[in-house]
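The values are calculated or read from the model by the stated rules, or taken from the named source; none is laboratory data. These figures come from a predicted structure and were not determined experimentally. Cβ placement follows ideal geometry from the backbone for every residue including glycine, while neighbour counts extend to all protein chains displayed.
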């Protein structure tokens, strides 16, 4: 496992064992992505074809999925670090429990700001700016509902 630190090797192995990386590969296969080795134990799944989730990139285990080509990540090392932080979150949460917890935090963030990332603990810990997110201020819940129904 050349190019990885000892801790990155541990994370890679643990995320395999806790099945989060396996789940990421399955999601990539369903989305007909092309796989390649990324830095620090990450696996890139580029050309992901499903429309959900709506994001430039998202991580499941050590797998970073994106509709973009590999060059998208090569040109965005800060984004890669953001996604790598998510892989550490899977490690810390023993894998797949990360998914419902992430969704819960995204819902909380949406209720507070009208945006699923701004107050999402996982996105904040991965550094919002590195993930290319704009932090939105907390607003009254009524405004969030108005914005939601105005868009429809």
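Just one of (1) closer than 18 Å to residue 134 by Cβ; (2) surrounded by fewer than 20 Cβ atoms within 10 Å (Cβ to Cβ) trips up residue 75, so point out which.
(1)
Taking the stated definitions as given, is residue 110 part of a helix (DSSP H, G or I), touching a residue at least 60 places away in the same chain (Cβ under 8 Å), surrounded by 14 or more Cβ atoms within 10 Å (Cβ to Cβ) and out of contact with any strand residue (DSSP E or B) (no Cβ under 6 Å at 6 or more places or on another chain)?
No; evaluated as a whole, the condition is false for this residue.
Any idea which of 52, 35, 44 is in contact with a strand residue (DSSP E or B) (Cβ under 8 Å, 6 or more places away or on another chain) and under 28 Å from residue 115 (Cα atoms)?
Among 52, 35, 44, only 44 is in contact with a strand residue (DSSP E or B) (Cβ under 8 Å, 6 or more places away or on another chain) and under 28 Å from residue 115 (Cα atoms).
Looking at the structure I just gave you, is residue 86 assigned to a helix (DSSP H, G or I), closer than 21 Å to residue 45 by Cβ, out of contact with any helix residue (DSSP H, G or I) (no Cβ under 6 Å at 6 or more places or on another chain) and modelled with pLDDT of 95 or more? Explain how you work it out, then say what you get.
Details: assigned to a helix (DSSP H, G or I): yes; closer than 21 Å to residue 45 by Cβ: yes; out of contact with any helix residue (DSSP H, G or I) (no Cβ under 6 Å at 6 or more places or on another chain): yes; modelled with pLDDT of 95 or more: yes.
The answer is yes for residue 86.
Select from region 56-72 the residues that are in contact with a strand residue (DSSP E or B) (Cβ under 7 Å, 6 or more places away or on another chain) and assigned to a helix (DSSP H, G or I) and write down the one among them that is surrounded by the fewest Cβ atoms within 10 Å (Cβ to Cβ).
Ranking the qualifying residues of region 56-72, first place goes to 70.
Answer yes if at least one residue in region 122-132 is outside any helix (DSSP H, G or I), surrounded by fewer than 14 Cβ atoms within 10 Å (Cβ to Cβ) and in contact with a strand residue (DSSP E or B) (Cβ under 6 Å, 6 or more places away or on another chain), and no otherwise.
Among the residues of region 122-132, not one is outside any helix (DSSP H, G or I), surrounded by fewer than 14 Cβ atoms within 10 Å (Cβ to Cβ) and in contact with a strand residue (DSSP E or B) (Cβ under 6 Å, 6 or more places away or on another chain), which makes the answer no.
If you go through region 39-55 one residue at a time, how many are within 25 Å of residue 94 (Cβ to Cβ) and either in a helix (DSSP H, G or I) or over 15 Å from the mean Cα position of the chain (by Cα) (or both)?
So the count comes out to 3.
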